[in-house]
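Laboratory data are not the source of any read-out in this text; all were calculated from the coordinates shown. Just so it is clear, the model here is predicted, and its values are computed rather than measured. Please note: Cβ atoms are built from the backbone with ideal geometry, for glycine as well, and neighbour counts cover all protein chains shown.
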Amino acid sequence: MTTSAPDPAGPTGPTVLTVLSADGDHRPPLLDTLAERLEIRHTDAAGLGDAVVGADALLLWDFFSTAVSDVWERADRLRWIHVAAAGVDKLLFPGLVASGVTVTNARGVFDRPIAEYVLGMCLARAKRLPDLLGDQATRTWRHRDTDSLAGSRALVVGTGSIGREIARLLRAVGVEVRGAGRSARGGDPDFGDVLGSADLPSYVGEFDHVVLVTPLTEQTRGLVGRDVLAAMKPSAHLVNVGRGPVVDEAALVAALREGRPAAASLDVFENEPLPEASPLWSMPQVIVTPHMSGDARGWEDVLARQFVDNAQRWLDGEPLTNVVDKRLGFVPS
């Protein structure tokens, strides 16, 4: 877990935490444990401009909000922003990246739930669950052969903590797993060989399941386009639990219509909610889920506890955990 020393103490006066929620009623739990040490302001996006003035820390409970960039000039003493999500791409505008404000995220909270989701989607594909449910809906008794996950090969694109948990879980059921990351290397404890993601078209065709969990950065935007899709096995299964714009969605629709890859399980999309007009909704070889792969019951309490623990460290002058490299766009391993 990456840590960073907290910034020097700010101006005199009470330490102020501003909490941005989607609405005034949806507040994070457990923050009352900080009330004796912090002045806590709750706001929605409309009130953030006033609530950020004089604030030392900002909790983005509404983790998809882009409102911070709109009020940045009013953040007169902000030292720390915590995003209650693993991805921080919605936050990292140039002014923040160039500033001395520390950014932390929810690394670790979603690892196991997302890994279980990926395993579930791979099993659903191998055991032809969508076909079987379709037969059940029409009361059709039809025998179908299925595939075994054991002995198949999976490529996990993104070698952070979520990708590593996916690799461990897939390997536990007999899947051979490799990773793809910014640079190629061998001897990785979870992936064995890590392949360079820039060369994805040259080796993606070796894998039965291609799992995308990479953060969205300038390097990964559109990473899976026509060239990568055309290089995949005709029988391959694409799983995206990272960020929607990592995939060229129009190219994916065209590729699925042409039968390469054979199937896709998609939890994230270029535009969310997925528009009703999207052809992905009605494609029989596609499973669509509403960006919920990491949301196991109790996830909000886990997120809040993680923030409270980090805030206690910050107030005690100890190093913060899960510090994002703002220029890379993620927490370095």
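General remarks:
- Filtered trypsin sites (Lys or Arg not before Pro), the range 234-332: DSSP coil and at most 13 other beta carbons within 10 Å: 297, 327
- When you filter the GluC sites (Glu not before Pro) in the range 244-308 for DSSP loop state and at most 15 other Cβ atoms inside 10 Å of their Cβ, you are left with 276.
- Charge dipole (the range 111-288, unit charges on Cβ, about Cα centre) - positive-most of 273, 177, 215: 177
- Over all Cα atoms in the chain, the spread is summed up by Rg and Dmax: 21.5, 74 Å.
- Mean Cβ count within 10 Å, highest first, over the residues of peptides 87-95, 36-44: 87-95, 36-44
- Projecting the Cα atoms of 92, 75, 110 onto the charge dipole of the range 67-139 (Cβ charges, centred on the Cα centre) puts 110 farthest toward the positive pole.
- Cβ-to-Cβ counts within 10 Å put 292, 283 in ascending order as 292, 283, the fewest first.
- For the range 245-269 versus the range 37-65, the gap between their alpha-carbon centres in whole angstrom: 37 Å
- Ranking of 138, 15, 33 by count of other Cβ atoms within 10 Å, fewest first: 138, 33, 15
- Expressed in Å, the radius of gyration and Dmax of the Cα atoms of the range 214-302 are 13.5, 44.
- Out of every Cα-Cα pair that the range 111-288 contains, those further apart than 21 angstrom amount to 46 percent.
- Its Cα gyration tensor gives the range 190-255 an equivalent ellipsoid. The semi-axes, each the square root of 5 times an eigenvalue, are 16, 16, 11 Å from largest down.
- Karplus (6.51, -1.76, 1.60) ³J(HN,Hα), θ = phi - 60°, over the range 126-131, in Hz, Gly and Pro reported as x: 5, 9, 6, 4, x, 5
- Peptide ranges 228-234, 77-83, 170-176, 108-114 listed from the most packed, as the mean C-beta count within 10 angstrom indicates: 77-83, 108-114, 228-234, 170-176
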